[in-house]
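Down below is the structure, laid out as C-alpha cells.
No lab work stands behind these numbers, since they all come straight from the coordinates. As the structure is a computational prediction, the values presented were derived from the model and not from experiment. Positions of Cβ are generated from backbone atoms using ideal geometry, with glycine treated the same way; all protein chains shown enter the neighbour counts.
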Amino acid sequence: MSGENNSNESLVRNIGTTVNNKATHRENSTLSKASSTMTIREALVEASSFLASMGVSDGRVDAELLMQHMLDWNRSRLLLELSELFPGKYTEEWLELLRRRGAGEPVQYMLGEQEFYGRPFEVNPAVLIPRPETELLVEAIMKHGREIWADGGGRRTEDVGENTVLKMNQFNHAEDHDHDTTKNPPGKFDAQGPLVVDIGTGSGAITVSLAVFNPSWRFGACDLSPSALAVAARNAVKHSVGDRIAFYQGDLLEPAIKQGLLIDILVSNPPYIPSPDIPGLQREVREHEPMLALDGGEDGLYCYRTLLEQMQLLPIIPRLVGFEVGFGQARDVAAMMERCGWWESVEIVKDYAGIERHVIGWR
C-alpha cells in the first residue's frame, strides 16, 4: 500500500450536508489536501475533526469504524497500518461515508451491524439499534427463568385452568381485589421447556440471545413491522437458532392471543418515549431510527397498559414477565404490575448508569 499514488486533490472538499432535508452547506468544511504524503493516521485525524464540527460526539471512534469497514480490516490491522499512505482509490467512498455520518446517519446502520450480548446483529433503518442496557434484561430473564424452570420442564398444569385468567373487569379494578392466582401450589410440569415470547422484537437481539444460551427453551417473536421481522429472522438464522423461533406479525400481543399461545415467559422492550419528547431526541435517533419503535404515546406508558390489558386474553398469565422502560417510568410500570396481582414478586433492575431500566415480575 505504501507505493500507491494518491492525487493532490483535497481528501474531503466542501462536503455538503443535508440536515432535516434542508440543503445546508458548510463551505468551510474542507479538510487538508491528501497528497502522496497523507497517511491513514492523518486521514483519521482530519475525519475526526470534520465529524466533531458536524456535531458527532464520538468522531474519532466513528472514523475508525468507517475506515475499517471501507478497507475491510479489523482494528488490529488498522493500528498496524496507520503510518501507511491513504489509498487514493477509496477517496470518493471515504468522502461519502463522512458526509453521511456528518449528516447524522447512525454508524451502526452504515456498517449494517451492531454487537449485542457478544454477538453481531444485522441492523438497518427498519429496526431499533440494540443498546447495551438491554443486555441486562436478557440477563434478568435468564436468571429468573433458570430458577423457575430449574428442572428444565415447562408450565404447571394448574396454570392452564380458567382460574388463572383474570377477566377485563378484574383488571380494571385490580387494586380492589385480593387475587390468589399467584398462590398455585407446585404441580406437574410439561416435558418441554418454557415458551418465551418477545413482543416488539425488532432486530431479534433479545430473542436470539436468549435462544443461544437456553437450548431447551422455545421461542416466539412478535412485531408490527414485517421489515423488522425479516431482519430478526435473518439474525436467528445467522446465529443458528432459526428453527427454534416462530415469528408473528401483528400489534403487541394480538398475534399471541390469536394463536392461543401458552406463554410462560414474556419479555418486551416496547416503544416508551413520550410523544412530546420525540423532537428533543438526539438527531441520530429522531431522524433515522424507526418512529414505530420509539413513540410510546403521550406519557410513554401506552404499550405497558395495553400489554397488561391484553395479557388476560391469553390462555394463561405468563409466570415471568420482563419489561424495559424509559427514564422515570419503572415505578409506574411496577405499580401497574403489582395491581394486577398476577406475580408474587416485582423488582426493578438498574442499568449501568444507575437508572431504573427494567421491571421484572415472577411467580
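Here the contact order of region 317-363, divided by its residue count and restricted to Cα pairs under 8 Å and six or more residues apart, works out to 48 percent.
Less than 12 Å Cβ to Cβ from PHE327, Lys/Arg counted +1 and Asp/Glu -1: what total charge do the surrounding residues give?
Working: positive: ARG331, LYS350, ARG357; negative: GLU133, ASP277, GLU324, ASP332, ASP351, GLU356.
Net local charge, PHE327 excluded: -3.
Peptide packing: for 73-80, 297-304, the average count of neighbouring Cβ atoms within 10 Å per residue gives the ranking 297-304, 73-80, highest mean first. Ordering LEU294, GLN310, SER345 by the projection of their Cα atoms onto the charge dipole of region 250-363, which places +1 on the Cβ of Lys and Arg and -1 on the Cβ of Asp and Glu, puts SER345 at the extreme positive end.
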